Amino acid sequence: MADKQISLPAKLINGGIAGLIGVTCVFPIDLAKTRLQNQQNGSRLYTSMSDCLIKTIRSDGYFGMYRGAAVNLTLVTPEKAIKLAANDFFRQHLSKDGKLTLVKEMLAGCGAGTCQVIVTTPMEMLKIQLQDAGRIEAQRKLMPETVAAGTVATKSPTAIQLTRELFREKGIAGLYKGLGATLLRDVPFSIIYFPLFANLNNLGKRGAEGPAPFYVSFISGCLAGSTAAVAVNPVDVIKTRLQSLNRGSTEDTYSGVTDCIRKILKNEGPSAFLKGAYCRALVIAPLFGIAQVIYFLGVGEMILSYLPKRDK
């Protein structure tokens with residue numbers, strides 16, 4: 001990500017730490033994004049991100065904003081590790097035959113985005129169920145007409161309970177529901193992000209070979225991350241809808257990506273694909289900004305320096 005040469009182990013440590021810090025800081029916004037994207041006409045409980053967070057705190061307390069955070073924090077490190085390692089591998093492989101062109105940078109990003117869904121899909125699947133659980137309960141209290149009559153309120157499940165239930169009912173495929181939509185989101189995101197960040201960062205280099213200043217890398221990460229996030233938001237809406245298992249009685253269910261697109265266009269209009277875009281940009285930009293801080297400080301290199309070195 002940054003221009004200075006960093007070993008792969010240090011990159012993995014930096015990416016993991018950045019993910020843990022970033023998720024902790026922006027998770028409430030991510031929760032608001034999920035709930036806003038899942039709202040359908042006739043069951044609109046939240047009018048904005050701030051309204052969603054205020055109502056969540058009132059109904060579930062402060063820690064209600066962190067529903068599903070444990071899943072994200074547990075799996076964000078391997079997700080970042082796979083993404084960074086894959087991007088490095090593809091960039092190195094594609095640059096062997098000459099200069100790393102924009103097309104090759106995009107291909108490397110494509111490879112990284114494809115590899116990361118191994119972890120991303122089950123992580124998002126579980127996180128969305130936990131994040132959206134409070135929305136259904138809030139609708140039951142404030143908008144009972146949107147919840148099926150006779151439905152009994154149930155205790156919010158844990159990630160382990162959800163995993164066991166999905167395994168029992170659908171096997172490993174249950175955790176990979178929405179895989180196609182996840183690929184359609186993460187591959188274009190990486191194709192946009194990695195080349196855009198590299199080229200923005202290059203604009204601020206000190207001389208032909210010198211590294212870009214910290215603030216340039218920070219701003220480049222924020223701009224590239226938020227741009228890519230907004231660009232793929234329509235697919236993120238589709239992915240969120242497909243991976244949500246619990247629905248109100250007035251809400252649509254979907255059989256696949258095409259069915260989801262058709263029903264959203266018919267019942268909610270094209271603007272529905274932009275639901276949560278503002279929140280998603282606010283989530284992604286700090287995540288990549290924080291990653292640049294971690295890289296600039298050399299946290300991974302510092303940790304590795306304290307480990308015993310093997311004798312060659």
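The values are calculated or read from the model by the stated rules, or taken from the named source; none is laboratory data. Computed from a prediction, not measured in an experiment: that's the story for all the values here. Cβ placement follows ideal geometry from the backbone for every residue including glycine, while neighbour counts extend to all protein chains displayed. To get the accessible areas, we keep the full protein, side chains included, count just its heavy atoms, and leave off ligands, DNA and RNA. Shrake-Rupley method; radii C 1.70, N 1.55, O 1.52, S 1.80 Å.
Looking at Pro234, Pro211, which one is open to solvent by 30 Å² or more (accessible area, probe 1.4 Å) and over 23 Å from Ile29 (Cα atoms)? Even if it seems obvious, please write down each step before you answer.
Details: Pro234 fails: over 23 Å from Ile29 (Cα atoms).
The unique qualifying residue is Pro211.
Tell me which residues, restricted to region 42-64, are surrounded by fewer than 22 Cβ atoms within 10 Å (Cβ to Cβ) and closer than 20 Å to Lys239 by Cβ.
Ser43, Tyr46, Met49
Kindly check whether there is at least one residue in region 256-272 that is free of Cβ contacts under 8 Å to residues at least 12 places away in the same chain and outside any helix (DSSP H, G or I).
yes
When region 65-80 is examined, which residues are found to be farther than 12 Å from Ile118 by Cα and open to solvent by 20 Å² or more (accessible area, probe 1.4 Å)?
Tyr66, Arg67, Ala70, Leu73, Thr74, Thr77
Run down Ala285, Ala281 and say which single residue is at pLDDT 85 or above, out of contact with any strand residue (DSSP E or B) (no Cβ under 8 Å at 6 or more places or on another chain) and closer than 21 Å to Pro213 by Cα.
After ruling out the rest, the residue left standing is Ala285.
Kindly check whether there is at least one residue in region 25-38 that is closer than 17 Å to Gly134 by Cβ and open to solvent by 30 Å² or more (accessible area, probe 1.4 Å).
Yes, because at least one residue in region 25-38 is closer than 17 Å to Gly134 by Cβ and open to solvent by 30 Å² or more (accessible area, probe 1.4 Å).
Report yes if some residue within region 257-274 is surrounded by 14 or more Cβ atoms within 10 Å (Cβ to Cβ), of a type in the set (Phe, Trp, Tyr), under 24 Å from Met125 (Cβ atoms) and at pLDDT 90 or above; otherwise report no.
Yes, region 257-274 has at least one match.
In this structure, is Ile13 in contact with a Gly (Cβ under 8 Å, 6 or more places away or on another chain), buried (at least 21 other Cβ atoms within 10 Å of the Cβ) and among the β-branched types (Val, Ile, Thr)?
Numbers: in contact with a Gly (Cβ under 8 Å, 6 or more places away or on another chain): yes; buried (at least 21 other Cβ atoms within 10 Å of the Cβ): yes; among the β-branched types (Val, Ile, Thr): yes.
Yes, satisfied.
Output the residues belonging to region 91-113 that are in contact with a Lys or Arg (Cβ under 8 Å, 6 or more places away or on another chain) and small (Gly, Ala, Ser).
Answer for region 91-113, where residues must be in contact with a Lys or Arg (Cβ under 8 Å, 6 or more places away or on another chain) and small (Gly, Ala, Ser): Ser95, Ala108, Ala112, Gly113.
Write out, first by first residue and then by second, each pair whose Cβ atoms fall under 9 Å of each other, whose residues are 6+ apart or on separate chains, and whose first residue, in region 105-123, is more than 12 Å from Ala86 (Cα to Cα) and open to solvent by 10 Å² or more (accessible area, probe 1.4 Å) while the second is at pLDDT 90 or above and among the small types (Gly, Ala, Ser).
Qualifying pairs under 9 Å: Met106/Ser190.
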